[in-house]
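Written below as structure tokens is the structure these notes are about.
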Amino acid sequence: MDQEMLSSLLSDPEALQNAVQTVSGLLGGGTDAAAPQSGADYDPTADWVGRALPVIGTIVQSGQSAVPHEKRALLGALKPFVTDEVAGQFDHAMRLVSMARMARAALGQLGGLARADGAPPDDHTRAL
């Protein structure tokens, strides 16, 4: 699944819920993966997926917003005027920034070390 498809899925709550229900159905869970079930019908995997997808969505969205659209457009406009190696370095740099922002968001989700929007809690982490 490419990044645009994942982004559209995670930004559409109805599509996300449908995906959770589909995964739950494949895993043998009930029709509503977000609501805990009781008794023999309870599927911990479906419950975990229902709780994890919004967190994963937040992390992915922070990575996608790491490099503003204007900067992506500028670098894209410069690619025809630079060597293939430099153009590849542009792409590599944007992926690294996105991964660093997603890592920071993941740490924030797990331990409160960074804010969910990717901003550092203080100055000593701005290098990421």
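Just a few scattered comments:
- Cα gyration tensor, the range 38-110 - rounded (a/c under 1.5), prolate or oblate: prolate
- With a 1.4 Å probe rolled over the protein heavy atoms of all chains, the accessible area of 95, 104, 72 falls in the order 95, 72, 104, largest first.
The values are calculated or read from the model by the stated rules, or taken from the named source; none is laboratory data. On a predicted model such as this, the values are computed, not experimentally measured, just so you know. Protein only, heavy atoms only, side chains kept; ligands, DNA and RNA dropped before computing areas. Shrake-Rupley method; radii C 1.70, N 1.55, O 1.52, S 1.80 Å.
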